[in-house]
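Taking it in order: structure first as structure tokens, then the write-up.
The values are calculated or read from the model by the stated rules, or taken from the named source; none is laboratory data. Please read all numbers here as calculations on a predicted model, not as lab measurements. Glycine gets a Cβ as well: all are built from the backbone with ideal geometry, and neighbour counts include every protein chain shown.
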Amino acid sequence: MYDPTVARLTYRALLGRRRAAILFVLPVLLVAIAVAVRAFAGADDDVASGVLGGFAIATMVPLIGVIAGTGAIGPEIDDGSIVYLLAKPVKRPTIIFTKLIVAIGVTMLFSAVPTMLAGFILNGNGGQIAVAYTIAALVASIAYSALFLLLGTVSRHAVVFGLVYALVWEALFGSLVPGARTLSVQQWSLSVAEKVAGEGLVTSDVGLPLATVLLVGVTVVATWYAGQKLRALKLAGEE
Amino acid sequence: MSADTGTATGSEASRIHNIGYRSYDGVRLGRSYARRSLYSQSLRGAFGLGRSAKSKVLPMLLCGVMCLVALIIVAVAMAAPTMTKLPVRYTSFAIYLQAVIGLFVASQAPQSVSRDLRFKSVPLYFSRPIERVDYVLAKFGAMASALLVLTGLPLVILYVGALLAKFDFADQTKWFGQGMVSVALLSVLFAGLGLVVAALTPRRGFGVAAVIAVLTITYGAVSTVQGIAWTTGSAGAVSWLGLFSPITLIDGVQTAFLGASSAFPGGEGPGAAAGVVYLLVVLALVAGSYAVLMRRYRRVGL
């Protein structure tokens with residue numbers, strides 16, 4: 001199910017040249033904010049939770065997920081070079097699975113590691129906050145990568161739709177309509193973090209059992225469907 | 001031109017045929033016409049007009065959302081008999097719906113400039129009688145105008161609704177004017193930033209993500225740090241932190257000069273002195289993005 005050559009090509013497409021710049025900027029920004037806040041406000045559990053929940057999990061992880069998830073396959077479909085890969089005797093679901101593994105790896109590397117670092121800078125892992133949010137970031141990385149990889153195979157405007165989901169659905173509707181929060185990767189991952197962290201520092205609107213089922217379900221179904229889409233891929237011209 | 005398709009006299013082996021090429025002797029529409037065409041084509045393109053049905057969906061949807069929210073606000077104001085003004089200020093409207101505006105910039109700025117770069121069609125533009133400055137000004141102007149339509153239209157709806165509901169004419173007109181100035185400033189600022197980022201990342205998808213990162217991530221970072229500064233009692237820092245993201249810059253300017261209520265934590269925006277700094281930063285960013293665009297298009301290879 002895992003093809004090292006496809007993985008190597010995907011890594012190079014994701015991290016090559018200037019493309020990785022935006023992936024590096026966000027984690028650096030998070031750590032910089034963490035350092036500034038620590039110097040500014042001292043170690044405080046609520047503040048740490050606010051920074052990690054409000055900035056790291058709510059904005060940074062989805063954005064990196066969009067870039068890594070759609071970037072793993074989108075540009076190849078876009079410039080048509082995917083046909084050379086599809087022409088090789090590699091199963092389409094294998095291609096998707098390999099690209100998913102790479103996307104998950106990249107998202108985890110660029111979201112969970114800085115989250116953990118920022119958490120330790122902010123309050124030295126008091127109340128298990130750093131660990132809790134790191135786990136949330138790890139869990140969210142898997143689901144976001146699968147979701148946005150599927151978007152990358154389905155639509156040519158995958159980045160826009162991914163951002164609409166992350167910004168409008170999770171952030172805007174999530175804060176206005178309580179029901180929207182049940183269908184949000186962010187809340188599912190937070191419910192996992194809730195179990196790890198100390199009293200009342202991390203809150204989620206979704207129960208852990210439901211969140212686990214939804215996380216696993218979304219990941220598996222998205223990956224399976226992306227494989228199916230790739231089996232019947234049509235290459236279209238620009239617009 | 002008469003058809004003297006004769007042959008030039010020469011040796012029998014070689015002869016030159018006149019195959020009837022003619023020089024153009026019609027009206028030459030010139031540089032300003034080309035610039036206007038580029039402007040109007042870019043402006044229409046921002047809303048998907050003149051493009052495929054699929055590319056009309058997103059800009060029209062975003063524009064529809066903006067107008068729908070304005071209509072709902074008007075309907076609420078009319079339904080409640082005790083109201084003497086609209087429930088939302090003209091200046092607050094764009095701040096509330098900044099995610100929609102951000103998505104519009106992110107989806108349309110790359111559409112406007114990145115495709116020309118990606119498909120190497122920029123040299124074709126410059127084979128027309130336009131200069132670099134015309135191209136940059138037309139694209140900048142078109143993007144700013146498109147944003148002004150997106151942000152101004154709902155304000156017009158609010159204003160008309162307010163007048164129909166017989167709210168105080170003088171007050172409403174004054175507030176409406178302040179709101180329009182604010183969204184005009186916002187449009188120019190966002191257009192500049194969006195175009196710069198899009199022109200520097202022509203690759204499909206990455207431009208969109210980069211524009212969103214500049215507009216939204218900076219706002220997320222600034223508002224997080226502002227919230228913390230507010231809760232830890234350093235209220236003085238709150239107004240200065242607003243300098244670091246586009247939407248809080250606009251918020252600061254309109255709080256200082258245009259009678260808006262700030263969306264900063266604690267509701268205390270910058271005063272007049274800090275407001276001047278805000279305004280200077282906004283103007284510097286606009287001028288800077290123009291300069292960067294001019295620099296970007298100095299060498300656009302084939």
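So how many residues does region B:17-45 have that are outside any loop (DSSP other than H, G, I, E, B) and away from chain A (no Cβ under 14 Å)?
Of the residues in region B:17-45, 16 are outside any loop (DSSP other than H, G, I, E, B) and away from chain A (no Cβ under 14 Å).
Tell me the residue from A:Ala171, A:Ala166 that is modelled with pLDDT under 85 and in contact with a Phe, Trp or Tyr (Cβ under 9 Å, 6 or more places away or on another chain), please. Don't jump to the end; show me each part of the working.
On the way: A:Ala171 fails: in contact with a Phe, Trp or Tyr (Cβ under 9 Å, 6 or more places away or on another chain).
So the residue among A:Ala171, A:Ala166 that is modelled with pLDDT under 85 and in contact with a Phe, Trp or Tyr (Cβ under 9 Å, 6 or more places away or on another chain) is A:Ala166.
Would you mention how many residues in region B:210-249 are more than 9 Å from chain A (Cβ to nearest Cβ), farther than 19 Å from A:Ala171 by Cβ and either among the hydroxyl-bearing types (Ser, Thr, Tyr) or assigned to a helix (DSSP H, G or I) (or both)?
Qualifying residue count for the region: 11.
Can you confirm whether region B:195-203 contains a residue that is facing chain A (nearest Cβ under 10 Å), on the phi > 0 side of the Ramachandran plot and of a type outside the set (Asp, Glu)?
No - not one qualifying residue is present in region B:195-203.
Can you find, within region A:111-139, the residue that is nearest to A:Arg231 (Cα to Cα) among those that are in contact with a Gly (Cβ under 7 Å, 6 or more places away or on another chain) and either of a type in the set (A, V, I, L, M) or within 14 Å of another protein chain (Cβ to nearest Cβ) (or both)?
Filtering region A:111-139 for residues in contact with a Gly (Cβ under 7 Å, 6 or more places away or on another chain) gives A:125, A:127-130, A:133-134.
With the extra rule that they be either of a type in the set (A, V, I, L, M) or within 14 Å of another protein chain (Cβ to nearest Cβ) (or both), the set shrinks to A:129-130, A:133.
Working: A:Ile129: 43, A:Ala130: 41, A:Tyr133: 37 Å.
The selected residue is A:Tyr133.
So for region A:97-110 (the condition being within 14 Å of another protein chain (Cβ to nearest Cβ), touching a Pro at 6+ places or on another chain (Cβ under 7 Å) and surrounded by 19 or more Cβ atoms within 10 Å (Cβ to Cβ)), does at least one residue qualify?
yes
Among A:Val213, A:Val164, A:Val192, which is the only one that is in a helix (DSSP H, G or I), without any contact (Cβ under 8 Å) to a residue 24 or more places away in the chain, over 26 Å from B:Ser114 (Cβ atoms) and of a type outside the set (Gly, Ala, Ser)? Explain how you work it out, then say what you get.
Details: A:Val164 fails: over 26 Å from B:Ser114 (Cβ atoms); A:Val192 fails: without any contact (Cβ under 8 Å) to a residue 24 or more places away in the chain.
A:Val213 is the lone residue from the list that is in a helix (DSSP H, G or I), without any contact (Cβ under 8 Å) to a residue 24 or more places away in the chain, over 26 Å from B:Ser114 (Cβ atoms) and of a type outside the set (Gly, Ala, Ser).
Before we move on, is B:Leu189 in contact (Cβ under 8 Å) with a residue 40 or more places away in the chain, buried (at least 18 other Cβ atoms within 10 Å of the Cβ), within 30 Å of A:Ala118 (Cβ to Cβ) and among the aliphatic types (A, V, I, L, M)?
yes
Does B:Ile72 satisfy the criteria of being within 23 Å of B:Gly179 (Cα to Cα), touching a helix residue (DSSP H, G or I) at 6+ places or on another chain (Cβ under 9 Å) and either modelled with pLDDT under 90 or loosely packed, with under 14 Cβ neighbours inside 10 Å (or both)? Break it down stepwise before answering.
Details: within 23 Å of B:Gly179 (Cα to Cα): yes; touching a helix residue (DSSP H, G or I) at 6+ places or on another chain (Cβ under 9 Å): no; either modelled with pLDDT under 90 or loosely packed, with under 14 Cβ neighbours inside 10 Å (or both): yes.
The answer is no for B:Ile72.
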